[in-house]
Amino acid sequence: MKIVVAYDGSDYAKRAVLFMLKLIKKEDEINLVTVIKKETSGEQVTIRDREDAIEKQKEIIKELTGYKVNSIILEGSDVADTIIDYCSKINCDLIVTGSRGLTGLKKTVLGSVSSSLVSKAKVPVLVVK
């Protein structure tokens, strides 16, 4: 199975990776995808440059020893669309993402990468809270 993990280095993303490990097989392919987005948001974790993205991925890759892991860093103006495009390109079977659990006005104003992935993706999306 080809799995795309939306990874921004947040505690929510780390939790999603660790939960995913309980569900997958050693032979599954993990594509750890971090999207560099130039705009900043008050509450959204924003990766500013390639070096920052590499450092954030290095932290979690230690937990993935023994698995086939591809470290992918992409640039895009919309994180969810960039992840979905990559998933389509490699014909992935599953997208895994963390969720901050925003509700109400914050979710409406700030948006949510996980909500956008769920609504737009053509493959199953596992959202871990």
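Sum up the charges of everything whose Cβ sits under 13 Å from the Cβ of A16, counting Lys and Arg as +1 and Asp and Glu as -1, but leave A16 out.
Taking every Cβ under 13 Å from that of A16, the sum is +2.
Which order do peptides 79-87, 117-125, 65-73 fall in by mean Cβ count within 10 Å, highest first?
79-87, 117-125, 65-73
Using a 10 Å cut-off around each Cβ, can you sort R100, R15 from fewest to most neighbouring Cβ atoms?
R15, R100
Could you sort the peptides 89-97, 50-58 by per-residue average Cβ neighbour count (10 Å cutoff), highest mean leading? It would help to have the intermediate numbers written out before the result.
Values: 89-97: 18.7, 50-58: 15.3.
Ranking the peptides 89-97, 50-58 by packing returns 89-97, 50-58.
All of the numbers you see were taken from the coordinates with simple rules; none came from a lab. The model shown is predicted, which means the values in this text are computed figures rather than measured ones. Glycine gets a Cβ as well: all are built from the backbone with ideal geometry, and neighbour counts include every protein chain shown.
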